[in-house]
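Notes follow once the structure below has been shown.
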Amino acid sequence: MKYSLAIFVTFLFFSCSKQKHTNPDYYLSKLKQEEFKLSIVRYFEKLPTEKDNHKTKFDSTHNDYYTQKAKKANLLFLYIDKDSTYYFAVAKIAPSLKIKKVATIGKLKIKNDSITYYEEVARTWKMEEDELKTKTAKIFNSFVNGEDLESFYTKNSKNEFYIEFPDDINKYNVEKRKWVTLSDK
């Protein structure tokens, strides 16, 4: 009995030692989490109006719109590596008859309170909250561990819906800081 307990404790130790802290509370206070969401909301949220574009979304006239969107978003997961790269997963309400959300998973670098690098690596399909959190956790853990996410792409996930895009048509353009279709690149 003591032997099997020792094996279990050893297994638990090594399992946990590879696990990264992904709870946002580990890194940021609640106030800092709200500030973090506000700093990225203009990237992961839709434009305020049909007349706006990816340049006008930063106009101060849209501050109230984006402040409300940031408040409604959930910072599901956060990991900050030793190089101060922020890995994040943030969820927002998606249009649906039932309450469903989508998650955006990405990474960024900050210097002098400015985002110097921003990349979204995946957007999930819209899901109910429990399913979204479970599936996003799998994707996020793979992402922060440097694993390939292609097994979560719709074409590879065997009727399980995880990542809606990127796909064969939509890719994230880091320079433009937005999702583009192949014809828009």
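Below is a table of values for the structure above.
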read-out	value
Extreme residue, farthest from Ala70 (Cα to Cα), among residues of segment 98-130 that are buried (at least 20 other Cβ atoms within 10 Å of the Cβ) and hydroxyl-bearing (Ser, Thr, Tyr)	Thr124
Pairs, first free of Cβ contacts under 8 Å to residues at least 24 places away in the same chain in segment 58-86, second surrounded by 11 or more Cβ atoms within 10 Å (Cβ to Cβ) and in a loop (DSSP other than H, G, I, E, B), C-beta under 6 Å, six or more apart	His62/Pro48; Tyr65/Pro48
Some residue of segment 72-90 being assigned to a helix (DSSP H, G or I), farther than 16 Å from Arg177 by Cα and either under 11 Å from the mean Cα position of the chain (by Cα) or not β-branched (Val, Ile, Thr) (or both)	yes
Subset of segment 108-136 (residues that are among the charged types (D, E, K, R) and free of Cβ contacts under 8 Å to residues at least 24 places away in the same chain)	Lys111, Asp113, Asp130, Glu131
Residue ID - nearest to Glu119 (Cα to Cα), chosen from residues in segment 144-170 that are out of contact with any strand residue (DSSP E or B) (no Cβ under 6 Å at 6 or more places or on another chain), outside any loop (DSSP other than H, G, I, E, B) and not small (Gly, Ala, Ser)	Glu150
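Readers should treat all values here as calculations from the given coordinates under stated rules, not as data from a laboratory. The shown structure was predicted, so the numbers you read here are calculated from the model rather than taken from an experiment. Cβ coordinates were reconstructed from backbone atoms using ideal geometry, including for glycine residues, and neighbour counts include every protein chain displayed.
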